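Enquirer: Sending over a structure as structure tokens; questions will come in a sec.
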Amino acid sequence: MDDPHPIQFLIQIAGAAALLIWAVRLVRTGVERGFAAPLRFWLRHSAKNRLLAAATGMGAAVFLQSSTAVAVLVSNFVAKGGLATAVGLAILLGADVGSAVVTQLLMVRQPILIPILLLVGVAIFQRAHGSTRQVGRILIGLALIFVSLDMIRAATGPLVDNPATQTVMAYLGRDLLTAFVLGAGFAWIVHSSVAAVLLFVTLAAQAVLPVPAAVAMILGANLGGALIAYVLTLSAPLSSRRMIVANLVLRGGGAIVVTFLISAMPDLLDRLGATPARQSINSHLVFNLVLAVIALPFVGVLTSLLMPLMPDKVSEDNPLAVVSALDPTALERPQRGLDCAARELLGMGQKIEHMLISVEPLYDTWNTAAARTISDQDATIKQMHLDVKLYLAKLGQTGLDEEFGRRSMELASISSSLDSASDAIARVMLELAKRLDAQKLQFSPQGRIEIGDFSDRVQSNVQLALNVMMNQNPAEARELVAAKEKVRKVEQKLQRNHIGRLREGLAESIETSNIHQETLRALKQVNTAFSMVGYPILLKSGDLLKSRLV
């Protein structure tokens, strides 16, 4: 067979790589949209011991097809005090192993799987709704991953005997440092170490890339993957960033050391498998598995060592200082004025999200300073709500057409809903947490778990609502409104569970009965308030009837 034209080859390989990147993202999106709440519960309950934490991280990475996505989720838990930094690092080490397991599973060649996955996936996606619909998205993504890998194999097949290709790849086989840097750079560019590793292994299987070079690029992809999580969490609190930095040092530093080891002793790769593909992909799994086994006993020590290097900083700035998005000069331009109001509402939502994250730990340990901050934030929200109403009223005085007038009313309604969410946190939940401390009461163990899980579910929906406020995506708006009904049913179930414990005569449940039930109702109110963000979008797209979803 004649060698393909260089431009034709570049188009083929670029298209295959693009499909691979998008397919991996498709799977991750399906898991995040359909199963985010269960994943959050799973991660939250993994703090009992380090082995369980690592196993949980591995399972989460397999589902999400990304250790980076797990790192961002865990970062949120550590930031709000739901997980210790050392436990978070254990989860990340397990997630790195899970990411390597994913590549093992995806390299299994079963051609019959592609049509089956596409057929079932499309059928589910077209006919189902809610979380079940996301299963179809996941199956379609998996099928497209296999298709992209076949495309890469077909495109690179004729290059095996090409002299120019052999020269370049032979150089990479000798210069493993360059191969390592290329692997790290590619993983960073595509923002997916899984996609990068699959590409490198496929090239090695086709005998296009020498095994030492492929392994060096895979090790580089490990550094690139850890670096992605570091950059994505730069604005996170230091408590969670220490965990990310520790994982970056372990994974990146370990990858560099192993690259030099392979450069000095390339014969080690022969022990990892009989074929180039098996040697390459096994190196990825063995590296992350050995790293986890070695580092897990010392996660506490490692995170402690970072304390002097990354000390908590006391900011002299006022954290409650508000820079308003309500530009008075935009009042003469209705579209821009409405955009300013929407930005202000997004700021309100973000502040309320922080209040919700901060209030839950107070149910376990009362903190007067944290409580005062929540109260001050509530006062800030009240002022922002008033400012938005006055701003929209002034905007209406300029004369708005029907569409702009409707949008103005929608923004005013959302502002009122957000204000009620702030009330539920600062005037209800904060008071209930204070009562628990003043009366020296504690929830029953099961009751406390239920409240924590329910709070996580609401926090997940709040984050989704903030995303909807930014992107105005009808699909996510539909998911947000559908989640309102799920939360209502879960709240009713938890209320029944609580009544059941009262019947059993559990003293802790009896003493904290009112606090438990009012907390659940307050969380449901917060969820309802944020779900209102999705209604105007669905009404405009025709997905909403007068009383319920289509």
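The values are calculated or read from the model by the stated rules, or taken from the named source; none is laboratory data. Every value quoted in this text rests on a predicted model; they were computed, and no experiment measured them. Every residue, glycine among them, receives a Cβ derived from its backbone with ideal geometry; neighbour counts consider all protein chains shown. Accessible surface is based on the protein model in full, side chains and every heavy atom, while ligands, DNA and RNA are left aside. Shrake-Rupley method; radii C 1.70, N 1.55, O 1.52, S 1.80 Å.
Enquirer: Could you tell me how many degrees, from 0 to 90 and to the nearest 10, lie between the Cα long axis of helix 445-471 and the main elongation axis, the longest principal axis, of the Cα atoms of the chain?
Expert: Approximately 80 degrees, to the nearest ten.
Enquirer: Would you mind working out the magnitude of the charge dipole of segment 451-550 relative to its Cα centre, with +1 at each Lys and Arg C-beta and -1 at each Asp and Glu C-beta, to the nearest 20 Debye?
Expert: 460 debye
Enquirer: Can you give the alpha-carbon Rg of segment 424-543 over 2.2 N^0.38 Å, where N counts its residues?
Expert: Ratio of Cα Rg to 2.2 N^0.38 Å: 1.21.
Enquirer: Accessible area, 1.4 Å probe, largest first: how do Asp437, Asp364 sort?
Expert: Asp364, Asp437
Enquirer: If you roll a 1.4 Å probe over the chain with all protein chains in place, what percent of the accessible area is carbon or sulfur?
Expert: Values: 15650 of 25430 Å².
So the carbon and sulfur contribution to the accessible surface is 62 percent.
Enquirer: For Tyr230, Tyr171, Tyr391, give the ranking by accessible area with the largest first, probe 1.4 Å.
Expert: Correct descending sequence by accessible area is Tyr171, Tyr230, Tyr391.
Enquirer: Compute the signed sum of charges (Lys and Arg +1, Asp and Glu -1) over the other residues within less than 11 Å, Cβ to Cβ, of Phe125.
Expert: Working: positive: Arg127, Arg133, Arg137; negative: none.
With Lys, Arg at +1 and Asp, Glu at -1, the neighbours total +3.
Enquirer: Going by accessible area, probe 1.4 Å, with all protein chains left in place, what is the ranking of Glu504, Glu403, largest first?
Expert: In descending accessible area the options line up as Glu504, Glu403.
Enquirer: Nearest 10 degrees, 0 to 90: what angle lies between the long axis of helix 163-174 and the longest principal axis of the chain (Cα atoms)?
Expert: With rounding to tens, the tilt is 70 degrees.
Enquirer: Summing Lys, Arg as +1 and Asp, Glu as -1, what charge do residues with Cβ under 12 Å from the Cβ of Asp419 carry, Asp419 excluded?
Expert: Charge balance in the 12 Å sphere: +1.
Enquirer: Still on this structure, please answer the following. Run the Debye formula on the Cα coordinates of the chain, all scatterers equal and no solvent, and tell me log10 I(q)/I(0) at q = 0.07, 0.09, 0.13 1/Å.
Expert: Ignoring solvent entirely, the Cα scatterers give -0.49, -0.78, -1.31.
Enquirer: If you roll a 1.4 Å probe over the heavy atoms of the protein chains, what accessible area per residue do you get for the chain, in Å²?
Expert: It amounts to 46 Å² per residue over the chain.
Enquirer: Which of the listed residues, Leu272, Val249, Val102, is farthest toward the dipole's positive end in the chain, when Lys, Arg count +1 and Asp, Glu count -1 at the beta-carbon?
Expert: Val102
Enquirer: Only four residue types carry charge here, +1 at the Cβ of Lys and Arg and -1 at the Cβ of Asp and Glu. Report the dipole size of the chain about the Cα centre in Debye, rounded to the nearest 20.
Expert: Result for the chain is approximately 1220 debye, rounded to the nearest 20.
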